[in-house]
Amino acid sequence: MKSKEELIDDLLTLAFAEDVGDGDHTTLSTIPADETGKQQLIIKEEGILAGVDIARKVFEKFDPELKMTVMINDGAHVKPGDVAFVVEGKVRSLLQTERTMLNIMQRMSGIATTTARYQRELEGLKTKVLDTRKTTPGMRLLEKEAVKIGGGENHRIGLFDMILIKDNHVDFAGGIPQAVKAAKEYCQAKGKDLKIEVEVRNTEEIDQALAADVDRIMLDNFTPARTREAVERIAGRCEIESSGGITLETLREYGECGVDFISVGALTHSVKGLDMSFKAC
């Protein structure tokens, strides 16, 4: 299995391949090879900055001689006119890395900003907002990192680091008891120490999950009233997560029911990027 650093390097390799191809012919034809200059990242919209560390990797991978001076770090609240960093070096390198860096930073900052907005709605409660696997293919690690920068928490990264028994697994396995039993036997046989979470649809399934001694129960598409009843039934016995159609407007109501987590696909699947630009200075 590849490390996080290797996966990010693969992503940047692909990003440059699809953008630069066999060369940025506009830049190569108009800018002398030895010309040097500076560009600065200018924030154009209020939000939470994310992706500075990845931006450094973009510049280092393309041209190790580029020098980056950071003024504002990941997680900071930014406003229009702020300058996050300045990069100095060959102009050809600056121009060819601009779009890849901006694509990553705008998306990560948009996710961090959205996550911070959701987590603020839960202020004063124990509930934490979680991301999901509804991410952009290839960019999952960066998008989940942006969620953390914005104050949220990561659910599982992929299919490999947690067992989440959902409704289809339950139905195909013949029920929650059978599915959980098989999952525990699998972990034992494979020598894996994985948390087990079960998605439930009703009170009967809650009782079955509790009897099976799982680590977390996911309440799928429960109303706030049903969530409150479920929390009373489960409290203290395992972690509780709410999921399914929960919006910014309904988030607080679910949090006040006493759940530990609320998973929100909208943190990553339809977020708007934070506006910024990379200009000569």
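The values are calculated or read from the model by the stated rules, or taken from the named source; none is laboratory data. These numbers were taken from a predicted model, which means no experiment stands behind them. Neighbour counts run over all protein chains shown; Cβ positions are idealised from the backbone, glycine included. In case anyone asks, the SASA skips ligands and DNA or RNA and just uses the protein heavy atoms, side chains included. Shrake-Rupley method; radii C 1.70, N 1.55, O 1.52, S 1.80 Å.
A 1.4 Å probe run over the protein chains yields, for the chain, 50 Å² of accessible area per residue, whole-number rounding. For the stretch 130-281, the square roots a ≥ b ≥ c of the C-alpha gyration tensor eigenvalues yield an a/c of 1.5 or more together with a/b not exceeding b/c, which makes the shape oblate.
Counting only Cα atoms, the size of the stretch 192-263 along its three principal axes is 38, 25, 19 Å, in decreasing order. With θ taken as phi - 60° and the Karplus curve 6.51 cos²θ - 1.76 cosθ + 1.60 applied, the whole-hertz 3J(HN,Hα) list for the stretch 158-163 is x, 7, 9, 10, 6, 9 Hz, x standing for glycine and proline.
Against the chain, whose longest principal axis comes from its Cα atoms, helix 4-19 is set at around 50 degrees. In the chain, the portion of solvent-accessible area held by carbon and sulfur atoms comes to 49 percent [1.4 Å probe, whole percent, DNA, RNA and ligands not counted].
With 10 Å bins beginning at zero, the pair-distance distribution over Cα atoms of the stretch 1-144 amounts to 10, 36, 34, 15, 4, 1 %.
The calculated FRET efficiency for residue 44 paired with residue 70, based on their beta-carbon distance and R0 = 25 Å, is about 0.85. Relative to the longest principal axis of the Cα atoms of the chain, the long axis of helix 52-62 lies at roughly 50 degrees. With the simple spin-label model, which puts each label point 7 Å out from Cα in the Cβ direction, the residue 181 to residue 4 separation comes to 3.9 nm.
What the Kirkwood sum gives for the stretch 9-87 is a hydrodynamic radius of 14.3 Å, with every pair of different alpha carbons counted.
Calculated FRET efficiency, residue 120 to residue 215, Cβ-Cβ distance, R0 = 25 Å: about 0.35 to the nearest 0.05. Partners of residue 184 within straight-line reach, counting lysines whose Cα lies under 28 Å from its Cα and excluding those fewer than 8 residues away in the same chain: 2, 4, 128, 134, 144, 166, 192, 195. Counted over all Cα-Cα pairs of the chain, pairs farther apart than 32 Å make up 37 percent.
Please list 114-120, 72-78 highest first by mean number of surrounding beta-carbon atoms within 10 Å per residue.
Peptide ranking by packing, descending: 114-120, 72-78.
Once you reduce the stretch 136-179 and the stretch 209-281 to the center of their Cα atoms, the two points are 13 Å from each other. When only alpha carbons are used to place a centre, the stretch 44-121 and the stretch 183-206 end up 39 Å from one another.
The convex hull defined by the C-alpha atoms of the stretch 75-145 has an orientation-averaged projected area of 6.5 nm². For the chain, DSSP calls about 50 percent of its internal beta bridges antiparallel.
Projected onto its three principal axes, the C-alpha set of the stretch 3-47 covers 38, 35, 17 Å, listed from the longest axis down.
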